[in-house]
Protein chains: 2
Amino acid sequence: MKTSLCDILNIEYPIIAGGMVWCSGWELASAVSNEGGLGLIGAGSMSSAVLKEHIQKTKAATSRPFGVNLPLMSAEADNNIRIVMEESVPIVFTSAGNPSKYTKTLKEHGIKVVHVIANEKFALKAQDAGVDAVVAEGFEAGGHNGKEETTTLVLVKQIADKVSIPLIAAGGIASGEQIAAMFCLGAKGVQIGSLFAASNESSAHINFKNAVFAAMEGDTKLFFRKLSPTRLLKGDFFTKVEEAESRGASAEELLELIGIGRSRKGIFEGDLANGELEIGQAASLINKPLSVKEIFKNLLTEFDSAKKRLRYE
Amino acid sequence: MKTSLCDILNIEYPIIAGGMVWCSGWELASAVSNEGGLGLIGAGSMSSAVLKEHIQKTKAATSRPFGVNLPLMSAEADNNIRIVMEESVPIVFTSAGNPSKYTKTLKEHGIKVVHVIANEKFALKAQDAGVDAVVAEGFEAGGHNGKEETTTLVLVKQIADKVSIPLIAAGGIASGEQIAAMFCLGAKGVQIGSLFAASNESSAHINFKNAVFAAMEGDTKLFFRKLSPTRLLKGDFFTKVEEAESRGASAEELLELIGIGRSRKGIFEGDLANGELEIGQAASLINKPLSVKEIFKNLLTEFDSAKKRLRYE
């Protein structure tokens, strides 16, 4: 499964665990890196002090490369950038913001930079900003999502031939067959979210994980197109949002409905009644609790069988 | 590229051109079959008399297998079923309806039957009804679409291991790399819509084709979730529908807005101001007029390069 991305990031398998709010702490990040993938700490739900603690614990738990996902729009962005440099984090994934703002500084500190995009324009912009790779994240992805609603199958094909840096496919991927499919399109790696969000090592609450295992086709939907498109899992909050949008609720009304701290409530505290449950469409493919070790074993086996499928078709 | 589907349908390549309203007449169907794929006549926009004429012209233009796509909810369904049997059409694709209603009768007349679905439940139901293969059509597809909004990448993976009959992937596919990707997931063939809708042999109006060539990422969207989800291309009608849905228009109001004959106006007559333009998300991948012959050449070359990519990763 080795690709050029492995050389750039110094990893064994080009499998990245997304840095997800309330899921991706030091336990998940270090477990993924220890299996030869790239574990990311999700700074989006962390204060700078908490982020620092998770970085130090990850370093203690793995000798392999790991990274931090930093949403650039966050109020803590400046502080968090300082911390990843102080702590010599080897790899930073930036998202939700302008990659030209921090890429040069991070690279001057010897940090590899990968930026997350959802369309061709921003892929080229990120490449121009000097990032080492881009993640193309499609409509299937959980949580915040691109405005174009381009699916991973179309997005990765659209961008793969246009950029010269390695492309990482994301959105809807929860199996080794899908990794092979992304390689066919020209991706050099994958970022997997939901599957790791529901893994044993994820910090998410067991209630949340059980809701993911129970999810069937059609049980996640994209909402908040008037604000920032977000994919949610079925539940009380989902129903409330669906009803509000169906009758044409305004952006202001939707903002009020979201309130504050809902994703923490849903994902971290397991309050399925009031929480916001962010998960990708691949939830319907995830049916039981698995350790990161088991997940890697499955992905590698499935990848090999997909390769054989293509060879003998 | 040969798969078990080729043996069942007696075709050279497991590439099917979708039977699309106002696009898929005898010229497109016979051209695709002559290249070794499977051309389908789209009965959805035809009276029984017109369908009969197109079947006879297709027979005259190709000695290879071809098919007819029959939407089962159509008012003409009973008549059209009679005609395909009278005319000994070798293959019928049924969609939008219950596969158990006609499958047995068609098969007794020696006709191969393929049913189009958008979720696992209906895939299994179609298999139980005795169809020879199923098409799994994802969220990316143009025109009418599944309620679950499952993308092709997730849908094909979801269903491939659950059915024992061949699975045909559809939605968002407009390149050979994507065909290889679908094979990795377990598909035994692909149904391609938009790329053939914009081909030289399609009956669509040149204005419509030019609008497809000009389409960029984000230029198609899914509307009419309150009626029957439908993917449209940007234009005046798109803007009107978007505005109506944003303010919470009711199903009744939307029905009135659609009116009658809009897809004919948009696709066949090229009235971009008042017409309904149905096209898939893959429109952003299609940039210039191509003949069916050129399309097959490209698909086969791209498929081979994707296979190589996977082998050497």
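Read-outs: derived from the displayed coordinates by stated rules, not from any lab. Nothing here was measured: the structure is a model prediction, and the numbers come from that model. Every residue, glycine as well, gets a Cβ built from its backbone with ideal geometry; the counts of neighbours run over all protein chains shown.
Key figures for this structure:
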| read-out | value |
| --- | --- |
| DSSP bridge orientation in chain B - percent antiparallel, rounded to nearest 5 | 20 percent |
| MRE, 222 nm, helices only [DSSP H, n ≥ 4, -39500 (n - 2.57), over chain A, to nearest 500] | -11500 deg cm²/dmol |
| Where rotation carries A onto B, the chain A residue whose Cβ is nearest that axis, in whole Å | A:Gly248, 1 |
| Set of aspartates and glutamates near A:Lys147 by C-alpha distance (under 12 Å), chain-local residues within fewer than 8 positions excluded | A:Glu137, B:Glu217, B:Asp219 |
| The stretch B:191-249 versus the stretch A:117-185: alpha-carbon centroid distance in Å | 23 Å |
| Built amide H within the under 5 Å cut-off of A:Val135, gap 5+ | A:His115, A:Val116, A:Ile117, A:Ile168 |
| Highest-MSF residue in chain B out of B:Ser100, B:Ser203, B:Ser263 [GNM, Cα springs under 10 Å] | B:Ser100 |
| Full-stretch length increase - B:Ile260, B:Lys121 - with 0.36 nm per residue and alpha-carbon distance subtracted | 46.9 nm |
| Table column - 3J(HN,Hα) (Hz), the stretch A:19-24, Karplus curve with 6.51, -1.76, 1.60, x for Gly and Pro | x, 9, 4, 6, 10, 9 |
| Of A:Lys157/B:Lys293; B:Lys240/B:Lys288; A:Lys234/A:Lys308; A:Lys226/B:Lys226; A:Lys293/B:Lys307; A:Lys52/A:Lys265, those spanning more than 25 Å from alpha-carbon to alpha-carbon | B:Lys240/B:Lys288; A:Lys234/A:Lys308; A:Lys293/B:Lys307 |
| A:Ser291, B:Ser63 arranged by Cβ crowding within 10 Å, fewest neighbours leading | B:Ser63, A:Ser291 |
| Per-copy distances of the A:Ala75 label point, shortest first, in nm (7 angstrom along Cα→Cβ) | 6.1 |
| Spin-label model distance (nm) - A:Asn200 vs B:Glu242, 7 Å beyond Cα toward Cβ | 4.8 nm |
| Other-copy label distances relative to B:Glu252, 7 angstrom Cα-Cβ extension, nm | 2.9 |
| Rounded to whole Hz, the Karplus (6.51, -1.76, 1.60) HN-Hα couplings of the stretch B:218-235, x for glycine and proline | x, 8, 10, 9, 8, 10, 6, 4, 7, 10, 9, x, 9, 8, 10, 8, 3, x |
| Position A:Asp304, label points 7 Å along Cα→Cβ, spacing to each other copy in nm (shortest first, one decimal) | 3.0 |
| Amide H within-cut-off set for B:Leu38, under 5 Å, with H built and near neighbours excluded | B:Ile15, B:Ile16, B:Ala17 |
| At least 18 Å along the helix axis (C-alpha) and Kyte average at least -1.0, DSSP helices within chain A | A:48-61, A:292-312 |
